[in-house]
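What follows draws every value from the coordinates through simple rules; no lab data is involved. Note that this is a predicted model, so its numbers are computed, not measured. Heads up, the Cβs are rebuilt from the backbone with ideal geometry, glycines too, and the neighbour counts pull from every protein chain shown.
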Amino acid sequence: MTNCIQGFKDYFCRPKNTNVRLKLPFVCFAWQIAMIILFGVFVRYNNESDAHWVQNMAQNNITSAIENDFYYRYPSFQDVHVMIFVGFGFLMTFLKRYSFGGVGFNFLIAAFGIQWALLMQGWFHSLDPSTGKIYIGIENLINADFCVAGCLIAYGAVLGKVSPVQLMVMTLFGVTLYAVEEYIILNLLHAIDAGGSMIIHVFGGYYGLAISWVLYRPNLHQSKHLQGSVYHSDTFAMIGTLFLWMFWPSFNSATTYHGDGQHRAAINTYLCLTSCVLTTVAISSLSQKTGKLDMVRTRHSTYAYRLTNSTLAGGVAMGTAAVFMVSPYGALIVGFCCGILSTMGYLYISPFLEKTLKIHDTCGIHNLHAMPGVIGGIVGAITAATASESVYGMQGLINTFDFTGNFKDRTVFAQGGYQAAGMCVAMVFGIGGGAIVGAILRFPIWGDPADENCNDDDVYWEVPQDEEDQLESVPPILEYCNYMTNKPEDES
Amino acid sequence: MTNCIQGFKDYFCRPKNTNVRLKLPFVCFAWQIAMIILFGVFVRYNNESDAHWVQNMAQNNITSAIENDFYYRYPSFQDVHVMIFVGFGFLMTFLKRYSFGGVGFNFLIAAFGIQWALLMQGWFHSLDPSTGKIYIGIENLINADFCVAGCLIAYGAVLGKVSPVQLMVMTLFGVTLYAVEEYIILNLLHAIDAGGSMIIHVFGGYYGLAISWVLYRPNLHQSKHLQGSVYHSDTFAMIGTLFLWMFWPSFNSATTYHGDGQHRAAINTYLCLTSCVLTTVAISSLSQKTGKLDMVRTRHSTYAYRLTNSTLAGGVAMGTAAVFMVSPYGALIVGFCCGILSTMGYLYISPFLEKTLKIHDTCGIHNLHAMPGVIGGIVGAITAATASESVYGMQGLINTFDFTGNFKDRTVFAQGGYQAAGMCVAMVFGIGGGAIVGAILRFPIWGDPADENCNDDDVYWEVPQDEEDQLESVPPILEYCNYMTNKPEDES
Amino acid sequence: MTNCIQGFKDYFCRPKNTNVRLKLPFVCFAWQIAMIILFGVFVRYNNESDAHWVQNMAQNNITSAIENDFYYRYPSFQDVHVMIFVGFGFLMTFLKRYSFGGVGFNFLIAAFGIQWALLMQGWFHSLDPSTGKIYIGIENLINADFCVAGCLIAYGAVLGKVSPVQLMVMTLFGVTLYAVEEYIILNLLHAIDAGGSMIIHVFGGYYGLAISWVLYRPNLHQSKHLQGSVYHSDTFAMIGTLFLWMFWPSFNSATTYHGDGQHRAAINTYLCLTSCVLTTVAISSLSQKTGKLDMVRTRHSTYAYRLTNSTLAGGVAMGTAAVFMVSPYGALIVGFCCGILSTMGYLYISPFLEKTLKIHDTCGIHNLHAMPGVIGGIVGAITAATASESVYGMQGLINTFDFTGNFKDRTVFAQGGYQAAGMCVAMVFGIGGGAIVGAILRFPIWGDPADENCNDDDVYWEVPQDEEDQLESVPPILEYCNYMTNKPEDES
């Protein structure tokens, strides 16, 4: 009897060699203190969030407090905020024993990342050369959330296979690279990418895939029993999916120009996403012998989330072109194609990536972010190159492509070329940066889990005693078995 | 040993005859392609979402981009969007093995429905006769979401008993019928129904009940073991309940006239919902021997959701009158009555409907939507008929009841009559349309499940291997039993 | 065999003596009817939600319906509403068998509380002496939600140990006390407390702790087996945590003055919360032998929610000073300290409170609300006392501290003193009021659970038959054991 329970206990209490008791607190404290010092030196409230604003209103032709930009960005900001923390977080809860890691580490690195993003993006975009200060307002908060999204996408590729310390390092470098490529694409190339198809999704996707390629684990099958989902973990993942899907129109319209720009971006994204759902379901059903839908692909591999993720690909692909006059039916076509391609990706490309290229992509970010992001970049380049004054109107063309200042003489055709160039920059930064950061993460000092401990919350989290509870509920049966086993002997 | 495991497997792998591998993809592709073509022919951006808007601002007396209607409808739109996808979706996760079907099919049909609704409602309401085009903006997106809500309500009555193909057909016809009755009620009768008590809830409720009546399954008891809920599925259903409950003020105020109209509609709905919670709890507790509350009625039947659904009835009943001057205490009284009636409905009317009328109503939509919708219509008719210039003010009366154009000489008393007529139209369309659509759905070509496979996700979804996992965790015990059983013999 | 199953059944069907069948409905009905009468006598729509508004616009210098305050408060209101119902509700789902009680009773008392709060706060703040009426608009709804938050905080201390009737009584008195202390702090002392560090969190925290002290149960260990969490209940709690965390900037900015005030309050809270996450993770990891993170402290006690709750402490501590010019780095420092102190609180102060002071604090509200609230009050007092015209600007100083009317000559130094006085008032009301209300709740008429029935939904809820389902899944194994046990005998 005792041996038996001991055996159960041994079975459930696997060895761990992933003590992060000093590393993780050290990294958290050191970086948070650095943030405080850097914020103290550099960051101040911008004009609209400073208490002096009310005095300066007259100078800025503002007649009422309700013209503060806060009211025209904040609702979108909160939607984006929900996508970052609940959307990305719960999308990663699908693994049966990695829900804490999915949503909890997502929380940790997003909270760190947005501070560092405010600084990095501030230095490149909002630094006032005369005072040497970064002035932040609501638009900076949205951009910081966007920046962090790139790193959370990358997390999807390595979900379950890295330690929180590695994730912090990955985020530090990821945000840094993001800010640089964003500066090149938006400011130097002057490409338009309001919803970040290129800047966020192509970069984040390839950044994660390159890291996952460097960190490839040939013996990951040792934790295969934890690679699937369970019924409730899939339902949790559906929460993440839906909040991402619903709020994507806010994501793509959050930073576009006021008025028709935000309005159009929201409509385009909304339409694109609806048509993506139908083709995802169609391909998903076609690919199964009995036509069953696959919430998360569970049976044969961890190429996960066919339905939950592919429905989102339309939002990614609409990121660049959302503000353009792609027409409602154009948006539907983009979604139509994305649903097919993304689902096909889960069926054919992900297995190919793993077998041939040795890239294990836990959440299938290649199909949700990288590939749809590339499609989005191409769609953006084509629709920019074919824009015309008859469709946009003179002022509309200037607003949409921001043909002002140094760029006021640029043609739409040239703009198309710069859009394409922007996508290449994003891809180069993603792959190159990911390879280098991956190499850094290979150092055996970050407390990463052994192959057999992957996908297991028990490594970095105090997990409630479900197993032991189950264990404690077993004895009556064993007791009974024991009783029944012995009884005959006693009686006989 | 082997036999035993085989026996387990046989038990869990029941026969399925519901292959939708060709039907579902065919329907999805065909309809999505049709949508793209129709959108290409008919749908364009409206004035406020077109890039020309900035040039036309002066003509429209608009001085700043922040006057774009986007900013005064979009936050409400996003709340409504959350209600449609998370609210309705998670409200239907309560069945122990139908969470995927609840939230996933809800997702599919809503995504299809809003495209078709944009077209149907566009033809009736937004078609510009001079160009033959439908011009869409944020208000059209809200109305499309509203239209789909009618079909999702109907889904509640047949939850667990239909195939996704049937749901697509039901949505196609449902949206079509909705657009026609909406045109009759709002444009021809000129009734007011901002939150859709009649147009959405009465129509959707009776549409679903009539379909469920035609599709009645006398042997549904064969899947009785799957008709209940489990602890976590009820908690998931609570997510849906709360998001519906919280955002209902946005639902009822989303399309009312700007200014005091939206403001008042939100306040009335908020108050009505709070008082509905208290009477629901009271009746729920009174009806049990020991005063226990019933999250979802589980023990004896699937007349589900007593607490989760009845708390929402107040929002339904406030749909028509939300914008009227019903007074704060009037709103509380409506909620008070609705909580009682809706909970009573779960106790007495639903069993009566099933036993006597042979209508099986999985989610109890009669108590949540149909009946409270009728109450809402009556409240609306009475409060309209008794409106007075002293309470509304001259201009307020014109704004609230839109007494302009052809209707500028209508009296409030006549308005009350037209409100009542509107409710009858909604009911006739619901019952008549549902009976016809139900007959169509009886054709044996839609892949619907057998009686013993109802309420089971396993029919249309790849379900994670929970059962098999549990099975795999059994062997140690069996092993132990085996060992203990054999040991005495070995030793003796 | 039969005995065995009977034994299982006995084990799971524990005795209950907590019939609230008459008490709960009586309280609900009586109070709801009282609300309706009082609303009928006192409550009317305010200027901006009344149908006369459009006629009065010219008098109020309003040129367009989009200037209605609805548009500048409603998005924040909805965020706060989500925090109250989903945030607080799901934060309390962590107990393995008390998810219904956590989220359901939260729903009940919040729905009742906001009605009573509208009245109580109306009498003190919005009563028009000339008409004797309370005029309500969107800002009153936000304040009612705030008021209820105080009672929901208090619920956290007694979660699992009280009956719904006790909760209703606690809320009735809690809202009453809240309205009085709010009047004293905001109107008489003229302290600033936009996010309610003092009014909401200090009051609510100490109110709950005092009640829990009076209701101390020395034999609570009898329900120890239900004091922990399970894997999925922790994931549900994470939903609550994240919605609170994300929307806290809306909470602290919802009622501040328009323009830079709301803008700055949102930025400060956002920053404070991010830094709080990092120090919470750091201390949480440091405190464990192997550096594991603790989602909810489960193994040794119910001092729950280390990670889920402490990450929120920053929002609490920023409540008073959110609108002040604390600087971005100042906000980060407050979050830094709060994360450390709150996590330390779970480690050292909660056990001390229980052992020495006999206060059992189920959710650890001392660490999430009471202590961070005190920090927030102190931060507010210091930053107010050190405010200067150079930092705020003349008009900014007047706007921020509302130095108008009777208070136009107050110095910032005096303001600091009044802030500190405000915190003392909140604490006195919390401790004193809690002690008295606790004494009332000790009367043996409220149907509270026995010690061994605490933390068990089965007492007040119809719980789905999970256990019996499990029971029904056991027999095959027993059957098998039986078979294997008997077989040798049969064969031998």
What residues qualify as long-range amide H neighbours of A:E462, i.e. H under 5 Å apart, gap of 5 or more or another chain, H built at 1.01 Å from N? C:L293, C:D294, C:M295
Tell me, what ³J(HN,Hα) does each residue in the range A:133-148 have, in order and in whole Hz, if you take phi through Karplus 6.51 cos²θ - 1.76 cosθ + 1.60 with θ = phi - 60° and put x for Gly and Pro? 10, 9, 9, 10, x, 4, 5, 5, 5, 4, 5, 5, 4, 4, 4, 5
Once amide H atoms are built 1.01 Å from N in the peptide plane, which residues 5 or more positions from A:V230, or in another chain, come under 5 Å H to H? A:K96
Using only the C-alpha atoms of the protein assembly as shown, find the volume of their convex hull and express it per residue in Å³. 164 Å³
Along the range C:121-132, what does the Karplus equation 6.51 cos²θ - 1.76 cosθ + 1.60 (θ = phi - 60°) give for ³J(HN,Hα), rounded to whole Hz, x for Gly and Pro? 5, x, 4, 7, 10, 10, 6, 8, x, 6, 10, x
Rank A:I211, B:M238, A:N47 by how far each Cα sits towards the positive end of the charge dipole of the protein assembly as shown (+1 on Lys, Arg Cβ; -1 on Asp, Glu Cβ) and give me just the farthest. A:N47
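By its C-alpha gyration tensor, with a ≥ b ≥ c as the square roots of the eigenvalues, how is the range C:56-160 shaped: rounded for a/c under 1.5, else prolate for a/b larger than b/c, else oblate?
oblate
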Ranked highest first by the average count of other Cβ atoms within 10 Å around their residues, in what order do B:248-254, C:311-317, B:106-112 fall? C:311-317, B:248-254, B:106-112
Could you size up the charge dipole of the protein assembly as shown around its Cα centre, putting +1 on the beta carbon of Lys and Arg and -1 on that of Asp and Glu, and report it in debye to the nearest 20? 280 debye
How far, in degrees from 0 to 90, does helix C:70-82 lean away from the longest principal axis of the Cα atoms of chain C, to the nearest 10? 20 degrees
Across peptide A:106-118, what mean number of C-beta atoms from other chains lies inside 10 Å of a residue's C-beta? 4
Dipole size in debye (nearest 20) for the range A:30-96 around its Cα centre, Lys and Arg Cβ +1, Asp and Glu Cβ -1? 320 debye
Translational D in µm²/s for chain A (Stokes-Einstein at 37 °C, 0.692 mPa s, Kirkwood Rh from C-alpha pairs): 137 µm²/s
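Suppose only helical runs count, i.e. DSSP H with n ≥ 4. What mean residue ellipticity at 222 nm does that imply for chain A under -39500 (n - 2.57) per run, divided by all residues and rounded to the nearest 500 deg cm²/dmol?
Roughly -18500 deg cm²/dmol at 222 nm, from the helical runs in chain A.
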Calculate the spin-label point distance for A:T290 paired with C:V428, positioning each point 7 Å from the Cα along the beta-carbon direction, and give it in nanometres. 7.2 nm
As I understand it, the value is the acute angle between the Cα axis of helix C:475-491 and the longest principal axis of the Cα atoms of chain C; what does it come to in degrees, rounded to 10? 10 degrees
Place a +1 charge on the Cβ of each Lys and Arg in the range C:75-443 and a -1 charge on the Cβ of each Asp and Glu, then give the dipole magnitude about the Cα centre in debye, rounded to the nearest 20. 1420 debye
Counting partner chain Cβ atoms within 10 Å of every residue's Cβ in A:330-341, what's the average? 3
Can you order the peptides C:424-430, A:204-210 by their average number of other Cβ atoms within 10 Å per residue, highest first? A:204-210, C:424-430
At B:T404, label 7 Å along Cα→Cβ: distances to the other copies, nm, ascending? 3.4, 3.4
Whose amide H sits under 5 Å from the amide H of A:V43, counting only residues 5 or more places off or on another chain, with H placed in the peptide plane? A:I134
Testing the spin-label approximation: label points 7 Å from Cα along Cα→Cβ at C:I62 and C:Y257. State their distance in nm. 2.1 nm
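Taking each residue of B:252-258 in turn, how many C-beta atoms of other protein chains fall within 10 Å of its C-beta, and what is the average?
Other-chain Cβ atoms within 10 Å of each residue's Cβ, averaged: 2.
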If one takes the longest principal axis of the Cα atoms in chain B, at what angle in degrees, from 0 to 90 and to the nearest 10, does the Cα axis of helix B:412-442 lie? 30 degrees
Just order A:443-449, B:358-364 by mean Cβ neighbour count inside 10 Å, highest at the front, would you? B:358-364, A:443-449
Taking a point 7 Å out from Cα toward Cβ as the label site, list the nm distances between A:N219 and the same residue in every other copy, smallest first. 5.5, 5.5
Give the residue from C:F352, B:F429, B:V169 lying farthest towards the positive end of the charge dipole for the protein assembly as shown; charges sit on Cβ (+1 for Lys and Arg, -1 for Asp and Glu) and the dipole is referred to the Cα centre. B:F429
Return the sequence-ordered ³J(HN,Hα) values of the range C:351-360 in whole Hz as given by the Karplus equation 6.51 cos²θ - 1.76 cosθ + 1.60 applied to θ = phi - 60°, using x for Gly and Pro. x, 4, 4, 5, 5, 8, 8, 6, 10, 9
Contour minus Cα-Cα span, C:Q222 to C:D402, at 0.36 nm per residue, comes to 59.5 nm
Distances in nm between the label point of C:L22 (7 Å along Cα→Cβ) and its equivalents in the other copies, shortest first, are 6.8, 6.8
